[in-house]
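First up is the structure itself, then whatever we jot down about it.
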Amino acid sequence: MRLLLLSICFVLVSCNRKPRVYQINLDEEPEERWRKVVEDFKPYIPYLNQEIKNHFVYPFGQLLCWLCEKLALSFPQEYYREMSGIANLSGLEFCHVVGLNILYDVTNFNNFIGASQFACSSIIAEDAKGNILHGRNLDYMMDDLMRNISIIVDFTHNQKVVYSAITFAFFAGITTGQRPNAFTLSLNARRTGWYILNVLMQIYTSFHMPTGFALRQTLERAESYQEALEDLTKRHFVSPSYLILGGTKSGEGALITRDRWSAYDVVELDAKKGRFFIVETNFDHWNKDEDGRRTSAEQNLLAVGIERLDESYMLAVLSTAPVTNYWTVTTSVMSAARPQMYYETTMIRVPVE
């Protein structure tokens, strides 16, 4: 099994490609920060516009535009100005840029309405030496477009990397990121509750902090695993979610199952009791695995064992179907204590049939 996993990993990794790496200088004016990214990805704007039209459907498009512009007024000013800059530099309508940045919050529907466009696999694990590994597959139904605009971004202050993310051109929010030598985090969609509850929560909070911006703010402000854990369990979110968090020390790994108000459930790594990994896809961990991704990953991790687990095996587990699938856009293995691993392992996936 271990040899098979590594063989699969070698074949898949050799077919994939690395994302471009950009620096976003937080010392620059927010309107100018994304200029280089926008300029490089302008050829994809027509495709992005078409995707936007699929969501801003006539005759509701104008109403949605008006609503997005009003909601954006309550966002943190810095992020509002970044989106304004992206719109001006790209020629996209401002309301469309806002819509793209809140897409998770407004499409995180439950199974009675239809699957979220955003579905992922995250693994937090500890090896025999107490090192923390954080594996991540990002799955998105706008797969071809997202593959073409996937990038790694280093957010810098005083010429030093404060935090990094695998994200998309024209997006200012974050769903996967790391703060070097502090913590790593990823977001998985939790489909629970009618979509109207997302809308009501947006009204209640005035949409002050969309999920992608909330995670970015945590990366900006929290300086340790414990600070991030406290922040992510207590603050209000617009949408239910699974947050997967990794630190730098033995035992520093958590799956936070959230409702809109706060953490509903938190489970942490405990290698001494045999819990050297936690796998999350898009279903509550205490319920049945409905699509086989979690079961497959757990079986493969058990086959590898804590003694052999390293970033290569983690990458192999993430590269095995159905954990990786047709919708998988990017794969990453992170370790906050070894920040360079993020750049070495992150890849844009070739579609798997």
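Suppose we keep only residues that are within 21 Å of residue 165 (Cα to Cα) and of a type in the set (S, T, N, Q) within the stretch 240-255. Which one would you say is modelled with the lowest pLDDT?
Selected residue: 241.
Checking the condition out of contact with any Pro (no Cβ under 9 Å at 6 or more places or on another chain), in contact (Cβ under 8 Å) with a residue 60 or more places away in the chain and of a type in the set (D, E, K, R), which residue from 298, 280 passes?
Values: 298 fails: in contact (Cβ under 8 Å) with a residue 60 or more places away in the chain.
Result: 280 is the single residue among 298, 280 that is out of contact with any Pro (no Cβ under 9 Å at 6 or more places or on another chain), in contact (Cβ under 8 Å) with a residue 60 or more places away in the chain and of a type in the set (D, E, K, R).
So in the stretch 266-292, with the set limited to residues that are of a type in the set (D, E, K, R) and not in a loop (DSSP other than H, G, I, E, B), which one is nearest to residue 140 (Cα to Cα)? Break it down into steps so the answer makes sense when it comes.
Let us first name the residues in the stretch 266-292 that are of a type in the set (D, E, K, R), namely 268, 270, 272-273, 275, 280, 284, 288-291.
From what is left, the residues that are not in a loop (DSSP other than H, G, I, E, B) are 268, 270, 272-273, 275, 280.
Details: 268: 27, 270: 31, 272: 36, 273: 35, 275: 29, 280: 16 Å.
Filtering first and then ranking leaves 280.
Name the single residue, out of those in the stretch 293-323 being in a loop (DSSP other than H, G, I, E, B) and surrounded by 21 or more Cβ atoms within 10 Å (Cβ to Cβ), that is farthest from the chain's Cα centre (by Cα). Give the steps one after another, and end with the answer.
Pass one, the stretch 293-323, residues in a loop (DSSP other than H, G, I, E, B): 305-310, 319-323.
Now drop any that are not surrounded by 21 or more Cβ atoms within 10 Å (Cβ to Cβ), which leaves 309, 319, 323.
On the way: 309: 23, 319: 17, 323: 16 Å.
The residue in question is 309.
Filter the stretch 325-342 down to the residues that are assigned to a helix (DSSP H, G or I), farther than 18 Å from residue 175 by Cβ and in contact (Cβ under 8 Å) with a residue 12 or more places away in the chain and list them by number. Outline the logic, then answer.
Start the filter on the stretch 325-342 by keeping residues that are assigned to a helix (DSSP H, G or I), which leaves 340-342.
Within this subset, residues satisfying the condition of being farther than 18 Å from residue 175 by Cβ are 340-341.
The one that is assigned to a helix (DSSP H, G or I), farther than 18 Å from residue 175 by Cβ and in contact (Cβ under 8 Å) with a residue 12 or more places away in the chain: 341.
Look at residue 170 and say whether it is aromatic (Phe, Trp, Tyr), in a loop (DSSP other than H, G, I, E, B), over 15 Å from residue 334 (Cα atoms) and modelled with pLDDT under 90.
Values: aromatic (Phe, Trp, Tyr): yes; in a loop (DSSP other than H, G, I, E, B): yes; over 15 Å from residue 334 (Cα atoms): yes; modelled with pLDDT under 90: no.
In short, no.
The values are calculated or read from the model by the stated rules, or taken from the named source; none is laboratory data. Bear in mind that the values here come from a model prediction, so they are computed numbers and not experimental data. Glycine also receives a Cβ, built like all others from the backbone with ideal geometry; neighbour counts cover every protein chain displayed.
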